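**Q** Have a look at the structure that comes next, please.
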Amino acid sequence: MPSSREADAYAYAVEAKSFTYWHPRREVATLKQVSFRIRPGEFALIAGPSGSGKSTLGLCALGVRPGLLLGRAEGDLLVRGSSSLRRPTCKIADDLGIVFQSPDDQISNLTVEDEIVFGLENHQLTRSEIASRLEEVLDLCRLRVYRKRSVWELSGGEKQRVAIASMLALKSPVLWLDEPTSNLDSAGEYQVWDTVERIRRSSDTTIIAVQHNIDHVLPLVDHVVLLVDGAVAFDGPPAELLRTHRWRLPSDWGLWLPQATDVAMRLQDRGIAITTLPHGGAAVAPWLPTELLQHHEGSRVAAKNNEPSAEPADSTTAEAPWLEVKDLTFSYGSGTRLISNVSLSVQRGEMIAIVGPNGAGKSTLTMLLVGLLQPTRGSVVVGGLRTNRASPAELGRKIAYVFQYPEHQFIANTVLDEVAHGVRALRKPMAEVATTAEAALRRIGLWEWRDRHPFNLSMGQKRRLSVACMLVTEPDGIILDEPTFGQDWLSATQLMRFMQSLNQENRTVMVVTHDMRLVAEYVSRVLVVVGGAIVFDGSAEQLFCKPDLLKAAQLIQPPVVQMSLEACGRPSLTTAAFVGSLLGDG
Amino acid sequence: MAARVDLAYREGTSFFHRTDPMSKLVYVIAASVLIINSFNLVKQFSLLAISAAIALLLTGQSPQRYWAGVKLVLALAVSLGITGALLIDKPGPVVVATPLRNFTYRELTDGFTMGLQFVSLAFLALSFVYTTHPRDLSQAVSKWGMSYRYTHGMVLALVFLPILLAEAGNVEKAHRIRDFGATMNPLQRRLQSLRHLMVTLVARSLRRAETLACAMDVKGFGMAPHRTYFKEVEWWRPGQVFAVLSVGATIAFALLFNTG
């Protein structure tokens, strides 16, 4: 295995030369004439919307495509000067280590230590060399306390750090991170980028991160390659990207614009001089004009003395609650209690987020609300029906549930049939089945995909289809588990606007989420679940002012909230609201 | 929400934890041969008592943990016992008369013995699984000449079983919620649900297998015919003696009580 110290023997760590790649049996190329150069020791970001070919590019660099999984390629893709098209993956792996999106899919051993040493054992290193590399990466990735733990005891962020550590132990000079945080909660995301930053500071490893949510990573990188529809739309430093293409990032390319950049751009539009456009992050001091900060000095002091009320959001009205939970407890057969004495009232037309750390019981709670699990004690009443006494058909007309992985719900061979299945299950006449299914598909913009297999849709389309399937019964409320999970800005925004439109029709919308931007921008009420109990019930604004609670629930405020607290002493939930606060609007 | 099937290895310092996997395998095979070949109810009770006592005394695991494991095979053991009693034809005085058929004492005890055999085997299997790190088993088997490329499959199975079980549970729930009630009879619905479950699981497992194969390839798995093992399996003498004694005891038991 070559040492990373040899990296400078090559001009470029990764170089694409007019690289074009076609998937097997596809006429249109997935990657089109892609050219870029990443120097040794650089931290590069390959960004782009879902389906732009980012992950395919990684698999091509690794020689898995077109080699192992076929396909056709033209041009060349070089890793440290050698073509990936003419080398087997196990040889390329000496130069390039890759960490995939889902930590669960890439771990092949039972304990942290076993996973880290696995590659070293395969490369037949001596025991003393293995021990020394193990110690090194345990410290670098802050995994020493987890060393003997089973991988099943770890959170998503911890597992992804184990995956990174196992690659670092191999001392691959180039580390390719393929959307390493898209499956993680905000705390996990922070852990991973913190680890990457430590690696960058302590070694000369070339790091290539593939990502569509660039808020956390943009301030860290030296170089951005933007892929749009399989072609390079931009290749250069991040400052240049923001200077020349900032407006196109969300609207044309479906990327999350860093909130700090968004705020700075809005201030520029209002005539405020910002000398250096921030690339992201959550601090305002480095770039916000001093006079604006000084102007809010008084507000910060006042806010410190007047913390926002900790009272729960007022959801009591004269109407009977649409959903009522009383003393709800749920345990497994083994006696492990997952939900403890939860009581809750929800009115029709509310939009609620359920947040909390992994394993807190959020999904269990929502499954109890829709009758997929039955309470050990207590009761759940939805629209006047007790979940343990109503039939699935009756409950399906009151409340719908959309799972985290849309594929779990699919049962038909075409998109049209998938939606029609629900209507048929309600014993509607054939004519009504066809018209209802068509109307549902047109509403979510999938009518033109009606003959496709549901598994062949993009992630965003699958998510919208799974929602449409559950809405054919016209329920009064819907619960979505991680609706924005793994989606780019455009798909996530389309879905959440659709949820808002349902909410405006007086339907209750509840989302289980780790996405704090979603919580800040869309919901009116937040429930925080920790250890199977609801520990907070209030507005997002109130939640973001409770640092101890946020820490206990492993939640991190979105950058705009952190920035507004720093600048004005009170939280703003959107970039527009923060700019308004800064400039004293209204 | 992960499935709660706890069949995993747990670290420990018990006699079985210190014994190498091959010695434990010898014990398991020897005892299994004896159990499978004993068709006498009293002998089978004795063997169950011995295998349960060894499991509880030498593995450091709680009775509750064994009960959780045995529970999983209990339904199978009972149905095996009933099926056995129905299929065995042994003459003698009728002790239980049912509309289906009449049972003699021998038919009932033989059926019961078959069920007990299953429970005894469960104790043996669990005492091995709870105390043997799959990595050590893979290493021990590799030392006997089998390629690590195949033996690591045992570790992979244990890594992916909980994921697969949890996913199957979620898919089943997701399909149940889309059913909206009965549009077909329960058997048809069950069969269709099974078909949908399999399609989803196979599609997702193939995708997962593709990623895992890449991840293992990158880590050089299968690149060379041999690999280093960071932790060498320790060949603990008392464990080896125990294996030899278990073989001796099996032979003695067979000779003394004329098994069968």
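Bear in mind these aren't lab numbers, they're just calculated from the coordinates by the rules spelled out. Everything numeric in this text was worked out from a predicted model, so none of it was measured. Please note: Cβ atoms are built from the backbone with ideal geometry, for glycine as well, and neighbour counts cover all protein chains shown.
**Q** Step by step: find N for the range B:148-218, compute 2.2 N^0.38 Å, then divide the Cα radius of gyration by it. What's the final number?
**A** 1.43
**Q** Simple spin-label model, 7 Å along Cα-to-Cβ: residue A:243 to residue A:548 in nm?
**A** Result for the modelled spin labels: 4.8 nm.
**Q** Related question: Roughly what % of Cα-Cα distances in chain B sit above 30 Å, to the whole percent?
**A** 48
**Q** Follow-up. Can you give the average number of partner chain beta-carbon atoms within 10 Å of each beta-carbon in peptide A:406-419, as a whole number?
**A** 4
**Q** Where does the protein assembly as shown land at 222 nm, in deg cm²/dmol rounded to the nearest 500, when only DSSP H runs of n ≥ 4 count, each adding -39500 (n - 2.57), divided by all residues?
**A** -15000 deg cm²/dmol
**Q** Sorted from largest down, give the three principal axis spans of the alpha carbons of the range A:178-238, whole angstrom values.
**A** 31, 28, 17
**Q** A further question on this structure: Please state the charge dipole magnitude for chain B, taken about the Cα centre, from unit charges on C-beta atoms (+1 on K and R, -1 on D and E), reported in debye and rounded to the nearest 20.
**A** In total the dipole reaches around 520 debye.
**Q** Restricting to DSSP loop positions (anything but H, G, I, E, B) with no more than 10 other Cβ atoms inside 10 Å of their own Cβ, which trypsin sites (Lys or Arg not before Pro) remain in the range B:34-120?
**A** Filter output for the range B:34-120: empty list.
**Q** Tell me, what does the Kirkwood hydrodynamic radius of the range B:25-99 come to in angstroms if you use every pair of distinct C-alpha atoms?
**A** Computed over the range B:25-99, the radius equals 14.9 Å.
**Q** Using unit Cβ charges (K, R positive; D, E negative) and no other charged atoms, how large, in debye to the nearest 20, is the dipole of chain A about its Cα centre?
**A** Computed charge dipole of chain A: roughly 860 debye.
**Q** Please give the direction-averaged projected area of the C-alpha convex hull for the range A:77-233, in square nanometres with one decimal.
**A** Taking the Cα atoms of the range A:77-233, their convex hull projects to 9.9 nm² on average.
**Q** Let me ask another. From the P(r) of the range A:404-474, can you give the percent of Cα pairs sitting at distances over 21 Å?
**A** 13
**Q** What is the mean projected area of the alpha carbon convex hull for the range B:73-133, to one decimal in square nanometres?
**A** Average of the hull's projected areas for the range B:73-133 equals 4.4 nm².
**Q** Here is a follow-up. What is the magnitude of the charge dipole of the range B:148-218 about its Cα centre, with +1 placed on the Cβ of each Lys and Arg, -1 on the Cβ of each Asp and Glu, and no other charges, expressed in debye to the nearest 20?
**A** So the dipole magnitude of the range B:148-218 works out to roughly 240 debye.
**Q** Order of A:176, A:193, B:236, B:144 from fewest to most other C-beta atoms within 10 Å?
**A** By the 10 Å Cβ count, ascending: B:144, B:236, A:193, A:176.
**Q** Still on this structure, please answer the following. Given that compact globular proteins tend to follow 2.2 N^0.38 Å, what is the ratio of the alpha-carbon Rg of chain A to that value?
**A** Computed over Cα atoms of chain A, the ratio equals 1.02.
**Q** Membrane-span-like helices in chain B: DSSP H runs reaching 20 Å or more (Cα, own axis), mean Kyte hydropathy at least 1.0?
**A** Passing helices, by number: B:21-36, B:41-58, B:63-87, B:237-257.
**Q** Kindly put B:13, A:206, A:89, A:513 in sequence by how many other C-beta atoms sit within 10 Å of each C-beta, fewest to most.
**A** In order of increasing Cβ crowding within 10 Å: B:13, A:89, A:513, A:206.
**Q** Return A:80, B:135, A:337 ranked ascending by Cβ neighbour count within 10 Å, so the fewest neighbours appear first.
**A** Listing A:80, B:135, A:337 from fewest to most nearby Cβ atoms yields A:337, A:80, B:135.
**Q** Among all stretches of chain A without exposed GluC sites (Glu not before Pro) (DSSP loop, at most 11 other Cβ atoms within 10 Å), which one is longest?
**A** Excluding the exposed sites themselves, the longest stretch runs over A:28-318.
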